[in-house]
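The values are calculated or read from the model by the stated rules, or taken from the named source; none is laboratory data. These numbers come from a predicted model, not from an experiment. Virtual Cβ from ideal backbone geometry, glycine too; neighbours counted across all protein chains shown. Areas reflect the complete protein model, heavy atoms only, side chains present, ligands, DNA and RNA absent. Shrake-Rupley method; radii C 1.70, N 1.55, O 1.52, S 1.80 Å.
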Amino acid sequence: MGDWDPARVAERLEEVLDRLDPRTRPAGEELVRLLMQFYGAGLEQVVTVARAAGGDALVHRLAADPLVGGLLALHDLHPVELRVRVQQAMAVATRKLGSHGGDVELLGIDPDGTVRVAVPANGCSTGTMREIVTDEVAAAAPDTAGVAFVERDPGPALLQIGVRRGP
């Protein structure tokens, strides 16, 4: 089995649907919805059987796999609450950012599922920060609506006071 990126699959689905004749696009969208419902029902049954066979520990092991966890999240079957998965993603992003990790802060998750993250304004590595945070959140919580970054005002410049030497 290949390396499946849920964002790339969604993008490809959209590309295929866009190529459909406008008259047949509704049928294509309905087909995608039906397949999602079918696979969602199948995954729900897998979770039920896994719980019966190994309890919640087995379901958590299944959800730890990025592909399976992503599918469980998309079908609202993930055993770990969304907020916890986002917090875990932020912790991973912070570790990856090293000394710059303290510059990002999870502000919250909006009712529509948008994750809000504060980043420094005009930081030298803001683009890298955004990319790492976005990638980690998407991997851990593909059921979010994406990440919105809020630039934090750096505040007033610090005044450095030193000792003057000589005349």
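Couple of notes before you dig in:
- Selection from the stretch 37-55 of residues that are loosely packed, with under 13 Cβ neighbours inside 10 Å and either touching a Phe, Trp or Tyr at 6+ places or on another chain (Cβ under 8 Å) or modelled with pLDDT of 90 or more (or both): Gln37, Phe38, Ala41, Gly42, Gln45, Thr48, Val49, Ala52, Ala53
- Considering residues of the stretch 124-137 that are open to solvent by less than 30 Å² (accessible area, probe 1.4 Å) and over 15 Å from Arg85 (Cα atoms) only, the residue modelled with the lowest pLDDT: Ser125
- Contact map, the stretch 62-86: first residue at pLDDT 90 or above and of a type in the set (Lys, Arg), second residue in a loop (DSSP other than H, G, I, E, B) and open to solvent by less than 50 Å² (accessible area, probe 1.4 Å), Cβ cut-off under 8 Å, separation 6 or more or different chains; pairs are Arg85/His78; Arg85/Ala141.
- Among the residues of the stretch 74-81, at least one is in a helix (DSSP H, G or I), under 30 Å from Thr128 (Cα atoms) and open to solvent by 40 Å² or more (accessible area, probe 1.4 Å).
- Candidate set from the stretch 92-112 (those that are within 29 Å of Gly40 (Cβ to Cβ) and open to solvent by 40 Å² or more (accessible area, probe 1.4 Å)); member that is farthest from the chain's Cα centre (by Cα): Pro111
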